[in-house]
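Quick notes on the structure that follows.
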Amino acid sequence: MDLFVPPLKQPLATRMRPKELSQFIGQEHLVGEGKMIRRIIESKVLSSLIFYGPASSGKTTLAHVIAKELGVPFEQINAVLDGVKQLREIVEKAEKRRTLSGQQTLLFVDEIHRWNKAQQDALLPHIESGLLLLIGATTENPYYALVSPLLSRCQLFELFALDQEQVGKAIETALMDKSNGFGEWDIEVHPEAIQHWASFAAGDIRNALNAVEMAVLSTPKSSNGKVYIDREIAEESIQKRQKRYSGTGDEHYHYASAFIKSMRGSDPDAALYWLAAMLEGGEDPLFLFRRMLIFASEDVGMADPTTLTVVESSVKAFQQCGMPEGLYFLSQACLHCSLAPKSNSTKAIFNALKHIQEHGVGLVPGHLKDKTASKLKAKYEQSANESADYLYPHDYSNHWINATYLPENVSNIAFYDPGTEGRERRYWERLIQIKGNSNANTNRQG
């Protein structure tokens, strides 16, 4: 069996990493004609930058391309592995370089969000002095992950996940490239194989090229000396679809937001889609249940009070049965939340809290005070029992009596704004009807 032997020890993905802007794939909103990164390179005027976006969107590659295009000295550190000590070493080298040649040093800090405040602050004097030009890369939201002084000294650029077409273009380029790819090799790749690689790589060019390389190097030549790669071989070389979802960071919150907003928008299919996406990405099912418990009161609330019971029961059932059967309980809770009528009237509590925070708490009306405590007070003080004036609603028709339950200094106020959907409308209409028909409820039952 004849197999190809790679001409270089470096992996295909490493060999194919773009070295100039013309080779860079994706992020047209930054590197396209007339766009900011291209203008920076063409004008050769660089300031400190922060690239933020999902993994495999090209942040590191773009930093290398910028350094190469501008011809500036390039240093790289990883915030997970390196700290202030390594930064000091780079600063010393940069100072010597500036003394000898007058050049600035471009420092690329990968995963810069992993540095704490003190470590990020250590960059500031060297950016201020112009000794270092910084390019930081992060998968987190920079407004949360980076300190304000650093943000104020950098321009922020967001990178987006690559789509299937862009990954396919990278695969085709690698197959045709004669210097670093397989362009000199006698290979025939079926279009469906390229489509499979591009789809299963989920925006990760490195993952796709690793699969291409594995397929090419592990497939024997045919009788005519050519290697044929079909969809079946492609499927064997990349068997599990890459996932963009991460249990932490912005993606985590974006997916959770999409899940909640789909249920709020009463779209059960979309809600199931985002639920499945998070589960497939390794999300803790109990996190999803917690979001649905909140949703049951925040977004369904009084329109269908049973929703909270359904979700709570689903949680208990899940904890008893586990996975994979637990998927049924997740699905039932999700579908119930999506299909239920909606009301956000439970936010009334925030209106009440705001009023109390602004005006303080009034005195409890006498007739609402505790019966036992009021009776004892009246006995020892030889005074009237305030709570004796309390009228018990169950003794009156419709179990309602026209009474005042707020403090004297709180009047004509309504915290609760009833919804018009589902049970809540019936509940509110019933209360209005009772109030209207009770004739002040002066008549006791029986």
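Please treat every number below as a calculation from the coordinates, not as lab data. Being a predicted model, the structure only gives us computed values, none of them experimental. Reconstructed Cβ throughout: ideal geometry from the backbone, glycine too, with neighbour counts over all protein chains shown.
Beta bridges assigned by DSSP with both partners in the chain are antiparallel in approximately 5 percent of cases. Look at the alpha carbon pairs under 8 Å that are at least 6 residues apart: their mean separation over the length of the range 280-353 gives a relative contact order of 41 percent. Axis angle, to the nearest 10 degrees, between helix 285-295 and the longest C-alpha principal axis of the chain: 40 degrees.
Dipole check for the chain: with +1 at the C-beta of Lys and Arg, -1 at the C-beta of Asp and Glu, and the Cα centre as origin, the magnitude is about 1100 Debye. Rounded to the nearest 10 degrees, the inclination of helix 164-176 to the longest alpha-carbon principal axis of the chain is 10 degrees.
Counting neighbouring beta carbons within 10 Å and listing from fewest to most, the residues 61, 14 come out as 14, 61. Among the GluC sites (Glu not before Pro) in the range 155-190, those located in a DSSP loop and surrounded by at most 13 other Cβ atoms within 10 Å of their own Cβ are 184.
Normalised by the number of residues in the chain, the mean separation of alpha-carbon contacts (under 8 Å, six or more apart) gives a relative contact order of 12 percent. For the chain, take the longest principal axis of its alpha carbons; what is the angle in degrees between that and the long axis of helix 249-264, to the nearest 10 within 0 to 90? Between the helix axis and the principal axis of the chain, the angle is about 50 degrees. Taking packing as the residue-averaged number of other Cβ atoms within 10 angstrom, the listed peptides 271-282, 346-357 run from highest to lowest as 271-282, 346-357.
Note the listed values (1) 1.07; (2) 0.97; (3) 1.48, then indicate which one is Cα Rg over 2.2 N^0.38 Å calculated from this particular structure. Here Cα Rg over 2.2 N^0.38 Å agrees with entry (3). Computed about the Cα centre, the dipole magnitude for the range 164-237 is approximately 160 debye when only Lys and Arg (+1) and Asp and Glu (-1) carry charge, each at its Cβ.
For 396, 253, the sequence from fewest to most other C-beta atoms within 10 Å is 253, 396.
Given +1 at the Cβ of Lys and Arg, -1 at the Cβ of Asp and Glu and no other charges, the dipole of the range 83-175 around its Cα centre is 540 debye to the nearest 20. Which of the pairs 169/226; 19/59; 261/354; 261/342; 59/96; 35/169 have their Cα atoms more than 18 Å apart in this structure? Listed pairs above 18 Å: 169/226; 261/354; 59/96; 35/169. Taking 393, 149, 341 in turn, the Gaussian network model of the chain (Cα-Cα springs below 10 Å) assigns the largest fluctuation to 393.
If you take the Cα centroid of the range 291-310 and the Cα centroid of the range 159-186, the two points sit 49 Å apart. Sorting 303-309, 219-225, 74-80 by average packing, meaning the other beta carbons within 10 Å per residue, from highest down gives 303-309, 74-80, 219-225. Per residue, the chain reaches -14500 deg cm²/dmol at 222 nm when only DSSP H runs of four or more residues are counted, each adding -39500 (n - 2.57). In units of the compact-protein estimate 2.2 N^0.38 Å, the range 26-158 shows a Cα radius of gyration of 0.99. Packing around the peptides 84-90, 113-119, taken as the average count of other Cβ atoms within 10 Å per residue, puts them in this order, highest first: 113-119, 84-90. Sorted fewest first by neighbouring Cβ atoms within 10 angstrom, 339, 107, 293 come out as 339, 293, 107.
Placing unit charges on each Cβ (+1 for Lys and Arg, -1 for Asp and Glu) gives the range 66-108 a dipole about its Cα centre, and among 102, 73, 84 the Cα reaching farthest toward its positive end belongs to 102.
Look at the alpha carbon pairs under 8 Å that are at least 6 residues apart: their mean separation over the length of the range 153-210 gives a relative contact order of 42 percent.
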